[in-house]
Amino acid sequence: QTLIEKTFNKFYSNFMYDTYKSILDKYLNLTGLEIMDFKIKPMKSALGKCSKEKRAIFLSSSLIHKEIPFIEAVVMHEVAHLKYSNHQKEFYDYINKYMSDYKNRMKKYL
């Protein structure tokens with residue numbers, strides 16, 4: 001890698017981390033929930049994952065190519081998993097309490 005490529009990749013990684021983290025912090029503060037770990041990684045079949053037991057949220061690096069309202073919806077989905085493991089009615093009621101247009105965001109950007 002050239003110095004320019006290394007510099008760009010570092011900038012891109014920092015930008016992605018800062019973007020995701022600010023959105024995650026927004027929804028953690030809104031819900032009053034806490035996590036112990038947060039990571040960004042390549043994911044083939046998911047945009048995000050939550051480990052309720054480890055209080056950890058993982059987001060896909062591919063989200064950076066999506067619009068902010070969609071990233072927020074994915075983050076809210078994973079934050080809700082800190083409280084509810086499954087996709088039952090209470091899970092979606094909880095999401096809608098903090099993001100009333102969740103369903104539309106998911107439809108629009110998927």
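The values are calculated or read from the model by the stated rules, or taken from the named source; none is laboratory data. Just so you know, these numbers come straight off a predicted model, no measurement behind them. Every residue, glycine as well, gets a Cβ built from its backbone with ideal geometry; the counts of neighbours run over all protein chains shown. Quick note on the areas: whole protein, heavy atoms, side chains included, nothing else; ligands and nucleic acids left out. Shrake-Rupley method; radii C 1.70, N 1.55, O 1.52, S 1.80 Å.
Got at least one residue in the stretch 29-47 being touching a residue at least 12 places away in the same chain (Cβ under 8 Å), part of a helix (DSSP H, G or I) and touching a Phe, Trp or Tyr at 6+ places or on another chain (Cβ under 7 Å)?
yes
Give me the residue from the stretch 19-75 that is under 24 Å from N9 (Cα atoms) and among the hydroxyl-bearing types (S, T, Y) and, out of that set, surrounded by the fewest Cβ atoms within 10 Å (Cβ to Cβ).
Out of the qualifying residues, it is S45.
So L59 passes all but one of these: (1) touching a residue at least 60 places away in the same chain (Cβ under 8 Å); (2) touching a Phe, Trp or Tyr at 6+ places or on another chain (Cβ under 6 Å). Which condition number does it fail?
Result: L59 passes all but (1).
Starting from the stretch 87-101, take each residue that is closer than 15 Å to V75 by Cβ and touching a residue at least 60 places away in the same chain (Cβ under 8 Å) and list its partners that are open to solvent by 50 Å² or more (accessible area, probe 1.4 Å) and part of a helix (DSSP H, G or I), counting only C-beta distances under 7 angstrom and pairs at least six apart or across chains.
Pairs that qualify, where the first residue is closer than 15 Å to V75 by Cβ and touching a residue at least 60 places away in the same chain (Cβ under 8 Å) and the partner is open to solvent by 50 Å² or more (accessible area, probe 1.4 Å) and part of a helix (DSSP H, G or I), are Y98/L30.
Somewhere in the stretch 93-108, is a residue in contact with a strand residue (DSSP E or B) (Cβ under 8 Å, 6 or more places away or on another chain) and surrounded by 14 or more Cβ atoms within 10 Å (Cβ to Cβ)?
No, every residue in the stretch 93-108 fails to be in contact with a strand residue (DSSP E or B) (Cβ under 8 Å, 6 or more places away or on another chain) and surrounded by 14 or more Cβ atoms within 10 Å (Cβ to Cβ).
Yes or no: T2 of a type outside the set (A, V, I, L, M, F, W, C) and surrounded by 11 or more Cβ atoms within 10 Å (Cβ to Cβ)?
The answer is no for T2.
Output the residues belonging to the stretch 1-22 that are under 23 Å from E34 (Cα atoms) and aromatic (F, W, Y). Explain how you work it out, then say what you get.
Filtering the stretch 1-22 down to residues under 23 Å from E34 (Cα atoms) leaves 14-22.
Once the filter is applied, which keeps residues that are under 23 Å from E34 (Cα atoms) and aromatic (F, W, Y), the stretch 1-22 yields F15, Y17, Y20.
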